[in-house]
Each structure stands twice: as C-alpha cells, then as structure tokens.
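**Q** My questions all concern the structure below.
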Amino acid sequence: MTPMKQGRYKAVAGYYYKTPKEIWGFRTKAARGRPANRARDFLKANRDLFGLAGISSRIKLQRKIESLGARHLIFQQSHLGLRIHRAYVTVHMDLKNRIYMAKNRAVPAEFLPPKLDPKKSKFLLTRERARRRAIRSVSRGGKNCRVLDVEKLWYPEEKFLRPAFRVRIHRLQPYEDWIVYIDARKGKLLNKYDNLAMRRAMARVFDPNPVVALNDWKSLLSEDGKPKRPPADVYRTVTLRNLKGTGYLEGAHVTTCRTRNRIKRPDLRFDFESTEAGFDEAMVYFHIDRAVEYLKSLGYRGKRAIFEKAIEINAHGTRKDNSWYSPGLKRLTFGTGGVDDAEDAETILHEFGHALQDAICPDFGQSPEAAAMGEGFGDYFAASFFEEYKTDKELRVSISSWDQITDKEFEPPCLRRVNLPMTFENFDNAEDADEHQNGKIWSATLWDVRERFGRDIADRIIIESHFQLDGFTKFARAARAIIDADRNLYRGRHVVALRRIFHARGIGPVE
Ligand SMILES: [Zn+2]
C-alpha cells in the first residue's frame, strides 16, 4: 500500500504531538485479505503521518467491531509492557476493505519514557498503597467500597507519560462506580470519574406544590396563620436531566450560578427538605429544565430552539416576597419573603414565562398592554403546565397556592386565577395601573383557548404567536397573531372559535 498523499484527505490536527487525531474524506481501493492485515498495511504505509515510526510493533489489535456496512478495528498502544491510557488507533473500512477513516491517539516514540534500571522502578508506590489512596479519594472512611481491579499503566499528561495506577472501585450506598487514576510516583490523584453519576442525578421537589399534592390547603396552615412544615409525602423524587456533572446545579438549559453560597453535591444527589438551603435551587433547576424540554417536545429544538444557552438563576436573591426576570441580564431572581417563591413551581413557571417571551421577542412588555400580556401569559403557562395534576375544580384555575398559603382573598388561596370574568373593558389605563391586574384579562382569554382546544393545541398556537410580536404589542394584535399561528400550524381549523373567544373578551378587531 502506498502512503496517503497530502491534500487527498481531510484531517483534524492533534494538539501535543503534531500528528492528526483523525483523517477522513478519502477511500482506498478495494482489496482482498483479512481486514486486520489490511489495517496494519495501512498504518505501516502511513507511519510517518501518524507518528508510528518505531512503535508499530507496540500497537496491538484489541477489538474488531462489525457494523452493517463497515468494520472498525481498534488498536491499543503499549510501552514497556504496560498499556498507555487513551492511546488507541482505529481504522474503519467498508465490507470490501476500502478504508475511509482513521483515528489516532498514539504517542510517538520520542515522547516515550526511556527504559529504566528495574531496581530504580518508576513505580514507587506499591499496588496496595495505590489502592488505599484511590479508596480515600472517593470515600473518607472507605465504607462500602470494593476494589474491582488495579492496573499499572501509562497516563498521558500533556505530552508526557506518567506511570500510574488505574483503580476501579464499586461502592454501595451511595451507589457509585469509580475509575480513579493515581500517580505511581507521588500518590497524587490524577483523575477520577463516576460512571453512574449521570444516571443517578436526583432531587426531591414539590411538583408543583404541597397544596396540589395534598389537594388541601387548610391543613397546611397552622393556628396563627403561618404555613406549617409540609409532610414528607408531598415530596416527589425526580431524576435531574441535562446536568453537566460538575456537582453544581448546572446543565444545558439551567444553571443556578447566580445563587450565593451555591450548593455542591459531587454525587449529584440533591436531596433536601424545603427548609434546607439547597431545596430552592433543586426546585428551579428541575422545573425550568423540564419546561425547556417541554418546549423542545412541541418542536422548538435544534435550529428552532428558543433558548441559546442555559438560563441563569439566583434561587434566593432577595428577602422580599418578590421574584423577577431581568431582560438586561437574562437572569431570573427568586425571593424568600413569606413562603420562598422557588418552593412553588407555579411561581417558577410564571417567571420562566417572562424569560420565554424575552427569548422569542426581546424586551417584551414595554407598553401597558404588552406588560399586562407578559403577566397574563406567565400565569397561563404555569396554570396550563400543571392543570392535569389537579383534581379540585377551583385549584385547576388558581396558581401558586402554596406561595400564597396565608392569603385570605381567594379560596383556595392563590396568587392569581386564570378564569376571572373580565373583559378588555376592565383594562385599567391609569398611569399607576397594575400590570398583574390587567394581565388577568389576557390569562382568562388564553385559558378560554385552552378550555376549548386542550393543552397541546393551545400551548402551541399561543407560544408560536409570539414570534410575530414586538415589545410594544397590543391585545388585539396578539390575538391576531394567535389566529395567524393557527393558520400556519392547523390551516386555520380553529379560527372561527378563536374569533368568538376574543370577541367575548372584548378584544379586537381580530380579522
Ligand atoms: Zn411576572
């Protein structure tokens, strides 16, 4: 076989060794013979390109994988009888032995440590000491730890190889499966990794809140009008998704990075009572992450994804009984006055509603009507999300009943209701008018849409309508946008009924 000619293939350059990490964009000629021999010939012919000169004999075939249309051969490099961690070379060919790709992490000969006098071994640590050191790195007392195996190997650190031990540890309670790398000279921890971490990430949360879980608000109030500590059975144990595994509540869609004294749980078990500091963080992470997943399930994913990056959260940013979204900072802040706002998922999703609108339509809510729609939409989104969790007729249309447990205005207690008999006639145009109050007209209108067509259609056309709005929009224009969304998504199947709904609420004209 002849060496690959430059310019005849594409390559990803390696950082340390100046050899390519990957080459592709070519296809060699078909050939008979055993795939392993074919791959070896290819590596031999290209040993200068891959930096394999002088080490070819130390690259051994480790695995051959057959897929439907190809064969994948995986070679592993060793040095002085020990495996080099991550130093593999793979060759990929079709069923006619036409090679079309190769990956290369081999360490070139000039970076390999020289052979030492066996009496001056580089492995100063005994196996037993490495083993103890590894156990200590995952558990202080070494309780419930079982070492599955200890392997001597070379561990690449930047360009050079260190003698090291790889120790596999299985642990019960908490259930963990560690791979730990210990420096064989100094006993330093080089790296550790828990294979089960991603599967195990969990939290205890309210979903959405204790009032809904118990279908009861009276028992949650103590004599003097203060909320009682919720009983254990109102918590739900949930799996946290999309975490990065850093030990913080930091993931693809949400990060609590703006929270002071942020909690860290390397085992990713965010198991708190509502009275503990980490609970609010776990609540916002779980509920916002799930809300973004819901948007993805509606179709807002890939190039249609609404959020470009993780939403930043301060889970207890003020002692006031107030929470807000800052469009300037693109950040959500939750307050701890009264019941912590982040203890009620409906309050969390109301605030998330602001972030959602701002992501679609920057700086939404700059006119009185747009500001009212901002509040009304957040209430609608929260109520719509949790409607199916509720059995009580009144609770269905009430949001944040736990956040407002001491409230006496409504029965059941709640922050706001989404089905009040209000029309656009009730819109308060006074300069100091409250947008939350005016927002009730809009949430009631949206709720009518949901009652008529169900969650899926209503959420879809309502969210979709935002894409043609601007920060100063009006009720009538937003209603027309919902009709346009229905025309685009459902060929206008619901337009007649939508017009009737808007008309009944005094919103229009909506042709
Ligand atoms: Zn709001």
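Quick note: the coordinates plus some simple rules give every number you see, no bench work behind them. Bear in mind that the values here come from a model prediction, so they are computed numbers and not experimental data. Don't worry about glycine lacking a Cβ; one is built from the backbone with ideal geometry, like all the others, and counts go over all protein chains shown.
**Q** Is it fair to say GLU451 is surrounded by fewer than 18 Cβ atoms within 10 Å (Cβ to Cβ), away from the ligand (no atom under 16 Å from the Cβ) and not in a helix (DSSP H, G or I)?
**A** Details: surrounded by fewer than 18 Cβ atoms within 10 Å (Cβ to Cβ): yes; away from the ligand (no atom under 16 Å from the Cβ): yes; not in a helix (DSSP H, G or I): no.
It is false that GLU451 is surrounded by fewer than 18 Cβ atoms within 10 Å (Cβ to Cβ), away from the ligand (no atom under 16 Å from the Cβ) and not in a helix (DSSP H, G or I).
**Q** Report whether or not LYS330 is without any contact (Cβ under 8 Å) to a residue 40 or more places away in the chain, surrounded by fewer than 23 Cβ atoms within 10 Å (Cβ to Cβ) and either farther than 30 Å from SER219 by Cα or more than 16 Å from the ligand (Cβ to nearest atom) (or both). Walk me through how you get there before you give the answer.
**A** Numbers: without any contact (Cβ under 8 Å) to a residue 40 or more places away in the chain: yes; surrounded by fewer than 23 Cβ atoms within 10 Å (Cβ to Cβ): yes; either farther than 30 Å from SER219 by Cα or more than 16 Å from the ligand (Cβ to nearest atom) (or both): yes.
For LYS330, the condition - without any contact (Cβ under 8 Å) to a residue 40 or more places away in the chain, surrounded by fewer than 23 Cβ atoms within 10 Å (Cβ to Cβ) and either farther than 30 Å from SER219 by Cα or more than 16 Å from the ligand (Cβ to nearest atom) (or both) - is met.
**Q** Same structure, new question: Just for helices (runs of 4 or more DSSP H) wholly inside the range 340-403: which have at least 1 residues that are more than 12 Å from the ligand (Cβ to nearest atom), surrounded by 24 or more Cβ atoms within 10 Å (Cβ to Cβ) and in contact (Cβ under 8 Å) with a residue 12 or more places away in the chain? Walk me through it before giving the result.
**A** Numbers: elements: 345-360, 368-386, 393-396.
So the answer is 345-360, 368-386.
**Q** Does at least one position in the range 296-312 carry a residue that is touching a Leu at 6+ places or on another chain (Cβ under 8 Å), under 19 Å from ASP280 (Cα atoms) and away from the ligand (no atom under 16 Å from the Cβ)?
**A** Within the range 296-312 (the criterion being touching a Leu at 6+ places or on another chain (Cβ under 8 Å), under 19 Å from ASP280 (Cα atoms) and away from the ligand (no atom under 16 Å from the Cβ)), the answer is yes, since at least one residue qualifies.
**Q** Further question on the same structure: Which pairs have Cβ atoms under 7 Å, sit 6 or more apart or on different chains, and link a residue in the range 425-440 that is on the phi < 0 side of the Ramachandran plot to one that is away from the ligand (no atom under 16 Å from the Cβ) and among the small types (Gly, Ala, Ser)?
**A** Cβ pairs passing all conditions: GLU425/GLY506.
**Q** Assigned to a loop (DSSP other than H, G, I, E, B) and surrounded by 15 or more Cβ atoms within 10 Å (Cβ to Cβ): is that true of ILE263 in this structure?
**A** On the way: assigned to a loop (DSSP other than H, G, I, E, B): yes; surrounded by 15 or more Cβ atoms within 10 Å (Cβ to Cβ): yes.
Yes; evaluated as a whole, the condition is true for this residue.
**Q** Next up: Does any residue of the range 492-507 turn out to be closer than 23 Å to SER367 by Cα and within 37 Å of the chain's Cα centre (by Cα)?
**A** Applying the first criterion (closer than 23 Å to SER367 by Cα) to the range 492-507 yields 502-503, 505-507.
Those left that are additionally within 37 Å of the chain's Cα centre (by Cα): none.
No, that holds for no residue.
**Q** What is the number of the single condition among (1) crowded, with 20+ Cβ neighbours inside 10 Å; (2) under 25 Å from ALA305 (Cβ atoms); (3) hydrophobic (A, V, I, L, M, F, W, C) that PHE467 does not meet?
**A** Failed condition: (1).
**Q** When ARG146 is evaluated against the numbered criteria (1) under 30 Å from ARG396 (Cβ atoms); (2) surrounded by fewer than 17 Cβ atoms within 10 Å (Cβ to Cβ); (3) touching a residue at least 24 places away in the same chain (Cβ under 8 Å), which criterion, by number, is the only one it fails?
**A** (1)
**Q** While we're on this one: Restricting to the range 281-297, name every residue that is out of contact with any helix residue (DSSP H, G or I) (no Cβ under 6 Å at 6 or more places or on another chain) and either in a loop (DSSP other than H, G, I, E, B) or not aliphatic (A, V, I, L, M) (or both). Spell out the reasoning first.
**A** Here is the first cut: in the range 281-297, the ones out of contact with any helix residue (DSSP H, G or I) (no Cβ under 6 Å at 6 or more places or on another chain) are 281-282, 285-286, 289-290, 292-297.
Within the range 281-297, GLU281, TYR285, PHE286, ASP289, ARG290, GLU293, TYR294, LYS296, SER297 qualify.
**Q** Pull up the range 414-448, narrow it to residues that are in a loop (DSSP other than H, G, I, E, B) and in contact with a strand residue (DSSP E or B) (Cβ under 8 Å, 6 or more places away or on another chain), then point me to the one that is nearest to the ligand (Cβ to nearest atom). Walk me through it before giving the result.
**A** Restricting attention to the range 414-448, the residues satisfying the condition of being in a loop (DSSP other than H, G, I, E, B) are 414-415, 418-423, 427-434.
Still in the running and in contact with a strand residue (DSSP E or B) (Cβ under 8 Å, 6 or more places away or on another chain): 414-415, 418.
Values: CYS414: 15, LEU415: 10, VAL418: 14 Å.
Restricting to residues being in a loop (DSSP other than H, G, I, E, B) and in contact with a strand residue (DSSP E or B) (Cβ under 8 Å, 6 or more places away or on another chain), the top hit is LEU415.
**Q** Out of the residues in the range 298-325 that are in a strand (DSSP E or B) and out of contact with any His (no Cβ under 9 Å at 6 or more places or on another chain), state the one that is surrounded by the fewest Cβ atoms within 10 Å (Cβ to Cβ). Spell out how you get there, then give the answer.
**A** Keep residues of the range 298-325 that are in a strand (DSSP E or B), which gives 311-318, 324-325.
Remaining after also requiring out of contact with any His (no Cβ under 9 Å at 6 or more places or on another chain): 312-318.
On the way: GLU312: 18, ILE313: 29, ASN314: 24, ALA315: 29, HIS316: 22, GLY317: 21, THR318: 15.
Step by step, filter the range 298-325, then rank; the result is THR318.
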